[in-house]
1. Just the number, please: carbon plus sulfur as a percent of the accessible area of the chain, 1.4 Å probe, no ligands or DNA/RNA counted.
2. Would you mind computing Rg(Cα) / (2.2 N^0.38 Å) for the stretch 17-119, counting N as its residues?
3. Can you tell me how much longer the chain between Val38 and Phe10 gets when fully stretched, taken as 0.36 nm per residue apart minus their C-alpha distance, in nm with one decimal?
4. For every other residue with a beta carbon closer than 13 angstrom to the beta carbon of Gln107, add +1 if it is Lys or Arg and -1 if Asp or Glu, then tell me the sum.
5. For the chain, what is the relative contact order in percent, using Cα pairs closer than 8 Å and at least 6 residues apart in sequence?
6. Are there GluC sites (Glu not before Pro) in the stretch 1-92 that DSSP marks as loop and that have at most 10 other Cβ atoms within 10 Å, and which are they?
7. Put +1 on the Cβ of every Lys and Arg and -1 on every Asp and Glu Cβ in the chain; which of Ile89, Ala67, Phe27 then has its Cα farthest towards the positive end of the dipole?
8. Send over a whole-number figure in Å² for the accessible area per residue of the chain, probe 1.4 Å.
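The values are calculated or read from the model by the stated rules, or taken from the named source; none is laboratory data. Bear in mind the structure is a predicted one, so any value in this text is a computation, not a measurement. For neighbour counting, all protein chains shown are included, and Cβ atoms are generated from backbone atoms with ideal geometry for every residue, glycine included. In case anyone asks, the SASA skips ligands and DNA or RNA and just uses the protein heavy atoms, side chains included. Shrake-Rupley method; radii C 1.70, N 1.55, O 1.52, S 1.80 Å.
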Amino acid sequence: MQLNIEQLIFLTDEHKLINVSTLNTVFKRICVKAGLAVSTYSLKRGDKYINLKTSKYNQHMLRHTYATRMIEAGTPAEILKKLLGHKKIKTTIDTYTTVFDDVLKSQTLQFSDYIQKII
């Protein structure tokens with residue numbers, strides 16, 4: 001039995017990596033069944049058009065949501081960088097700048113309120 005040395009989440013029974021396209025297809029199918037951000041499009045098959053449904057959501061959005069919630073929970077950028085597997089801290093900070101800025105504003109207001117209470 002082969003071990004999952006790289007600690008990957010999405011593997012086949014043979015311990016091979018499932019490609020992103022396949023994961024997104026399955027994820028979108030789940031979203032459509034759940035009625036999440038569903039849109040319909042037409043596809044021509046021979047001389048006929050068939051209507052198909054898809055979702056605007058994709059599995060990468062789960063990663064972004066995870067990172068956003070980690071920042072909101074107070075996780076430092078250096079830790080988040082490691083958790084997300086970014087090579088450079090700049091990638092993490094540039095990708096989530098608005099989230100870091102929102103948390104900074106919130107923390108600043110919280111500190112200001114605290115100071116006002118003790119004065």
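1. Carbon and sulfur together cover 58 percent of it.
2. The reported ratio for this selection is 1.61.
3. 7.6 nm
4. -3
5. The value is 14 percent.
6. Filter output for the stretch 1-92: Glu6, Glu14.
7. Most positive-ward Cα: Phe27.
8. Spelled out: the 1.4 Å probe surface of the chain, per residue, equals 83 Å².
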